[in-house]
Amino acid sequence: MMTNLFSVFDPSAIFNLSLNWISTFLGLLMIPSIYWLMPSRYNILWNSILLTLHKEFKTLLGPSGHNGSTFIFISLFSLILFNNFMGLFPYIFTSTSHLTLTLTLALPLWLSFMIYGWINHTQHMFAHLVPQGTPAILMPFMVCIETISNVIRPGTLAVRLTANMIAGHLLLTLLGNTGPSMSYILVTFLLIGQIALLVLESAVAMIQSYVFAVLSTLYSSEVN
C-alpha cells in the first residue's frame, strides 16, 4: 500500500519513464504564446499579477534594488506556480514535490546572496549576526543562533514547498483509493470532499509559490 501511495512522486513510475522531469519546462512552450496572441482577459489578468508582484518585490528590495532586480523573483514565482498547478492534473508529474528541484532553486540563490554580501558588505553581514539591543553576555549565543538560522534557510525554503505539495497530493490519493470500496451515497460525499480539497490545493499552489518568491526577495534585501 505504501509503495502504491508514494509511487505518484516517483519520476519513473508514470509511464515507466524518467523523462517526466521535462514537465518542469512545459511553461517555456506555453507562456511565450501569450505575447503572440491578441490580448484577452487571461492575458490582462496575468500581466496585472506580474505588475503587482514587481511593485511589491521592488518595495521589499528597498532603495538598493532596481527594476531588473525583480525579474528573477517573478520568474521564480511563475516557474513554481506553473509546476504546482500542473501537478494537480492527472498523470502529470509534480516536480515541486521533490527536493531535487526545490533545493536546486533555493541553494544557488542563497549561496549567491551570501557570497555577494560577505564580499561587498562584510561589516553589514557581521552586524546582522547580533540584533540591536542584545546584552553583551548573550552576544556569543546570538551569533550561534543567527548563524544556524541563516545556514538552514535554503533547507527550510525547499522543505516547506516540498512538504506542502506532498501533503496535498497524498490526501487526494488516499481519498481516491477509498472510492471503489464505498457505496454510491458515500461516493457522492467523497467527490464533494475531493472537489473541496482540490480547490484548497489550488490555493496552496498559489500561496506556496508566493511565499517562496517573497522569502527569496527578503533574503536578497538583507545583504544590501
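The values are calculated or read from the model by the stated rules, or taken from the named source; none is laboratory data. Computed from a predicted structure; not experimentally measured. Virtual Cβ from ideal backbone geometry, glycine too; neighbours counted across all protein chains shown. The area values use the complete protein model at the heavy-atom level, side chains included, leaving out ligands, DNA and RNA. Shrake-Rupley method; radii C 1.70, N 1.55, O 1.52, S 1.80 Å.
Is it the case that some residue within segment 212-224 is assigned to a loop (DSSP other than H, G, I, E, B) and touching a Ser or Thr at 6+ places or on another chain (Cβ under 6 Å)? Taking every residue of segment 212-224 in turn, at least one turns out to be assigned to a loop (DSSP other than H, G, I, E, B) and touching a Ser or Thr at 6+ places or on another chain (Cβ under 6 Å).
Residues are listed down the side, and each one gets a yes or a no for (1) at pLDDT below 85; (2) of a type in the set (Val, Ile, Thr); (3) closer than 25 Å to Phe57 by Cα; (4) in contact with a strand residue (DSSP E or B) (Cβ under 6 Å, 6 or more places away or on another chain):
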| residue | (1), (2), (3), (4) |
| --- | --- |
| Leu103 | no, no, yes, no |
| Leu111 | no, no, yes, no |
| Ile115 | no, yes, yes, no |
| Val151 | no, yes, yes, no |
| His169 | yes, no, no, no |
| Leu172 | yes, no, no, no |
| Gly179 | yes, no, no, no |
| Ser183 | yes, no, no, no |
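Taking segment 89-101 as the range and being part of a loop (DSSP other than H, G, I, E, B) and touching a helix residue (DSSP H, G or I) at 6+ places or on another chain (Cβ under 9 Å) as the test, the residues that pass are Ile92, Phe93, Thr94, His98. Checking each residue in segment 80-93 for being over 11 Å from Ala205 (Cα atoms), without any contact (Cβ under 8 Å) to a residue 60 or more places away in the chain and either open to solvent by less than 60 Å² (accessible area, probe 1.4 Å) or not hydrophobic (A, V, I, L, M, F, W, C) (or both) picks out only Pro90.
Within segment 102-210, considering only helices (runs of 4 or more DSSP H) that don't extend past its boundaries, which have at least 2 residues that are open to solvent by less than 50 Å² (accessible area, probe 1.4 Å)? Break it down into steps so the answer makes sense when it comes.
Values: elements: 122-128, 139-151, 153-178.
Hits in segment 102-210: 139-151, 153-178.
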